[in-house]
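Read the structure below first, then the notes.
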Amino acid sequence: MLDWRNYTTARGDWTREEIKEIYHSPLLDLIFAAGSLHRALHPANEVQVCTLLSVKTGGCPEDCAYCPQAARYQTELEVHRLMDVDKVLEAAREAKEAGSTRFCMGAAWREVRDNRDFDRIISMIEGVNEMGLEVCCTLGMITEEQAVRMKAAGLHAYNHNLDSAPEFYDKIITTRTYQDRLRTLENVRKAGITVCCGGIVGMGESDDERIGLLHTLSNLWPHPESTPINALVAVEGTPLGDRPKVQIWDMVRMIATARLVLPNTQVRLSAGRVHMSDEQQALCFLAGANSIFAGEKLLTTPNNERDSDAELFALLGLVPRVPNKKELQPA
Ligand code: SAM
Ligand code: DTB
Ligand code: SF4
């Protein structure tokens, strides 16, 4: 039987077989072990609350099969060029007042270019950082130089997901490779920015491919400081628009296994939370999730209401985590 005490030390040398064994444990053993490990290493009732803002929406040249922002798919999406800095700072202020401690700005870009738009992103990072929020960006591929520039502006985290296992990845995205993604993650790491990297459940991948994603994540060293586990939001018009909803048990199994192989990481119950009941979310927290996206929108799709999240936190006795500005110094 799983014993959580065997997992307290972070390791970067997991084999797929080892992770497979954990993943396929009886579900209640898995939840119990992950929950116990979580309680031993993290403040049990603390949940990081992050807010997302899409600062540049739609018109993206990539072909990510899940994404409503890819220009090639016909989705009901309002395209928007890069927002003005003032508007972004206003949204960040509102997010802070509503209790978020991390503010994550997303752009529908393949990669960052060294142009005026990037200068504007830099101003956004500076402004949000000055408010005392942890600033995160997700802008596509970046070079080491761009990462260094964002770090100097006060960027705390960079989100770049691996999305799935290497062998499933090219069924979902053909316009950039797994290796490209790993390179960006390396650039983020070299600049001393914390790494936020996770994936999506429910795209048609097998259990082995879910395990494959966790295997790649757990072999990144140091481990990502945060790992979003997204349930696919099936958006009409995308190639994955008619995928069935992910079962709660799949999310719980994924979160619990992530918790055990990434013991110190913030595991984020990400997209798809809007379709979960309070009881289902509680199960995810019990299985070791300790971070969420809050605010009525994710990037382009609806998210849980602030009020119902506040009620849930009160009900379960959860408290928002304070910003952690000291997570990592440059290597
Ligand atoms: N364009 C940048 C990129 O791809 O890196 C940043 C934004 S992109 C929307 C960030 C991540 O959101 C994706 O890597 C994917 O994991 C997640 N995502 C996008 N659409 C999603 C959907 N429909 N359901 C679940 N997760 C999604
Ligand atoms: C992540 O892993 N999930 C967030 C964030 N990182 C950028 C995005 C979820 C997007 C869901 C679909 C949408 O709202 O467009
Ligand atoms: Fe573009 Fe990012 Fe969407 Fe892929 S996930 S289509 S790169 S916005």
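The values are calculated or read from the model by the stated rules, or taken from the named source; none is laboratory data. In this text the structure is predicted, and so the values were computed from the model without any measurement. Here the Cβ positions follow ideal geometry from the backbone for every residue, glycine too, while neighbour counts run over all protein chains shown. What goes into the accessible areas is simple: the full protein's heavy atoms, side chains included, and nothing from ligands, DNA or RNA. Shrake-Rupley method; radii C 1.70, N 1.55, O 1.52, S 1.80 Å.
Some values worked out for this structure:
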{"quantity": "The chain - charge dipole about Cα centre, Lys and Arg +1 at Cβ, Asp and Glu -1, debye rounded to 20", "calculated": "620"}
{"quantity": "Cα-based helix-to-principal-axis angle, 178-190 vs the chain, degrees rounded to 10", "calculated": "80"}
{"quantity": "Cα-only radius of gyration and Dmax that characterise segment 124-210, units Å", "calculated": "14.6, 44"}
{"quantity": "Prolate/oblate/rounded label for segment 263-325 (Cα gyration tensor, a/c 1.5)", "calculated": "rounded"}
{"quantity": "Between segment 155-233 and segment 55-69, the alpha-carbon center distance in angstrom", "calculated": "17"}
{"quantity": "Relative counts (whole %) of C-alpha pair distances in segment 157-247, using bins that are 5 Å wide", "calculated": "3, 14, 24, 24, 19, 11, 5, 1"}
{"quantity": "Cα-based helix-to-principal-axis angle, 27-41 vs the chain, degrees rounded to 10", "calculated": "60"}
{"quantity": "Estimated translational D of segment 42-95 in µm²/s (Stokes, Kirkwood radius over Cα pairs; 10 °C; 1.306 mPa s)", "calculated": "117"}
{"quantity": "Per residue Cα convex hull volume in Å³ - calculated over segment 22-316", "calculated": "118"}
{"quantity": "Largest to smallest principal axis extent of the C-alpha atoms in segment 72-132, angstrom", "calculated": "38, 29, 17"}
{"quantity": "Low-density loop cleavage sites - trypsin sites (Lys or Arg not before Pro) in segment 260-331, where at most 16 other Cβ are within 10 Å (DSSP)", "calculated": "K325, K326"}
{"quantity": "Accessible area of segment 163-293 divided out per residue, in Å², using a probe of 1.4 angstrom", "calculated": "33"}
{"quantity": "Within segment 100-198, chymotrypsin sites (Phe, Trp or Tyr not before Pro) in DSSP loop having at most 10 other beta-carbon neighbours inside 10 Å", "calculated": "none"}
{"quantity": "Isolated Cys residues of the chain, judged by Cβ distance under 4.7 Å to other cysteines", "calculated": "C50, C60, C137, C196, C197, C284"}
{"quantity": "Under 17 Å, Cα to Cα: Lys pairs in the chain, sequence gap 8 or more or different chains", "calculated": "10"}
{"quantity": "Extent along principal axes [Cα atoms of segment 1-137; Å; largest to smallest]", "calculated": "55, 37, 28"}
{"quantity": "Options N115, C284, H160, ranked by Cα towards positive dipole end of the chain, top entry (Cβ charges)", "calculated": "N115"}
{"quantity": "Where trypsin sites (Lys or Arg not before Pro) fall in DSSP loop in segment 138-238, at most 16 other Cβ within 10 Å", "calculated": "K171"}
{"quantity": "Listed peptides 47-58, 62-73 by packing density, highest first (mean Cβ within 10 Å)", "calculated": "47-58, 62-73"}
{"quantity": "Gyration tensor (alpha-carbon) shape descriptor, segment 186-331, a/c threshold 1.5", "calculated": "oblate"}
{"quantity": "Helix-only CD estimate at 222 nm, as mean residue ellipticity for the chain, using -39500 (n - 2.57) per DSSP H run (n ≥ 4)", "calculated": "-11500 deg cm²/dmol"}
{"quantity": "Fraction of accessible area attributable to carbon and sulfur, segment 32-150 (%, probe 1.4 Å)", "calculated": "46"}
